[in-house]
Amino acid sequence: QKEVEQDPGPLSVPEGAIVSLNCTYSNSAFQYFMWYRQYSRKGPELLMYTYSSGNKEDGRFTAQVDKSSKYISLFIRDSQPSDSATYLCAMNTDSWGKFQFGAGTQVVVTP
Amino acid sequence: DAGVTQSPTHLIKTRGQQVTLRCSPKSGHDTVSWYQQALGQGPQFIFQYYEEEERQRGNFPDRFSGHQFPNYSSELNVNALLLGDSALYLCASSPQGGNTEAFFGQGTRLTVV
């Protein structure tokens, strides 16, 4: 079993819809949780960073962490075609530790 | 701010050859990590450098080695290339010895033939 599980998709939504992405993990030592966006043939771009359980909002993006369920989510409101990309969750056990990534979910927002 | 820069962007090598990839971290960042991303997969951690020392290493063979210079830039070397080494190699930098909020470069796409 992988330490971080992420549905590969593709997830197809119409423009303006809410995109809901999630990852589950098995290592209860993970404390820091990140979401990255990766366009085709590009490097990952940091979207959100959270520490501890709860919600964090930044513009159209909301990240949720539920440590008791070992489950994290990313919501994208008012989705745009430019949001079409692969979304990667990443997590680590301490502030300098290596990232453990999910496999990524491909999102397609259709006009 | 130039962000994290990697060179070259693309590279084609023959099995058995050696390759060196380079990374310049974001201004103000002193920690550099390297990842390998196979097609359709998430990045896999190779190693991390801080204060010119390898601080952490992932599950990669000794054919993968690295270096960090006093200006915080870094190199990744791969010896005796295998077809399976074909991947996107990503460099990430972060500040103050930490690894949260790491910024990634655009990657070097290595093809081994």
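Observations on the model:
- Dipole in debye (nearest 20) - segment B:1-70, about Cα centre, beta carbon charges: Lys, Arg +1; Asp, Glu -1: 420
- Computed from backbone phi with θ = phi - 60° and the Karplus coefficients 6.51, -1.76 and 1.60, the 3J(HN,Hα) list for segment A:89-94 is 9, 9, 8, 8, 8, 8 Hz; x is used for glycine and proline.
- Taking a straight line from the alpha carbon of A:K42, these aspartates and glutamates sit under 16 Å away, with near neighbours fewer than eight places off in the same chain left out: A:D83.
- Candidates A:A90, A:A63, A:A29: whichever shows maximal mean-square fluctuation once chain A is modelled as a Gaussian network with Cα springs under 10 Å: A:A29
- Computed over segment B:4-113, relative contact order equals 38 percent, with contacts defined as Cα pairs under 8 Å that lie 6+ residues apart.
- The HN-Hα couplings worked out from phi for segment B:30-40 by the Karplus form 6.51 cos²θ - 1.76 cosθ + 1.60 (θ = phi - 60°) are 10, 10, 10, 10, 10, 10, 10, 10, 7, 4, x Hz, whole numbers, x standing for Gly and Pro.
- Contact residues in segment B:30-67 by the 50 Å² criterion (accessible area, 1.4 Å probe, full protein complex versus chain alone): B:P43, B:Q56.
- Using R0 = 22 Å, the C-beta based FRET efficiency linking A:K42 and B:T111 works out to 0.80.
- Taking segment B:26-73 and dividing mean pair separation by its residue count, relative contact order in percent (alpha carbons under 8 Å, at least six apart): 32
- Average beta carbon contacts from partner chains per residue of A:91-101, 10 Å cutoff: 6
- Under 16 Å from the Cα of A:K67 - aspartates and glutamates, other chains or at least 8 residues apart: A:E3, A:E5, A:D94
- Where B:W34, A:W96 fall by accessible area, highest first, once all protein chains stay in place (1.4 Å): A:W96, B:W34
The values are calculated or read from the model by the stated rules, or taken from the named source; none is laboratory data. Every value quoted in this text rests on a predicted model; they were computed, and no experiment measured them. Cβ: placed from backbone, ideal geometry, glycine included. Neighbour counts: every protein chain shown. Note: accessible area is taken over every heavy atom of the protein model, side chains too, but ligands, DNA and RNA are not part of it. Shrake-Rupley method; radii C 1.70, N 1.55, O 1.52, S 1.80 Å.
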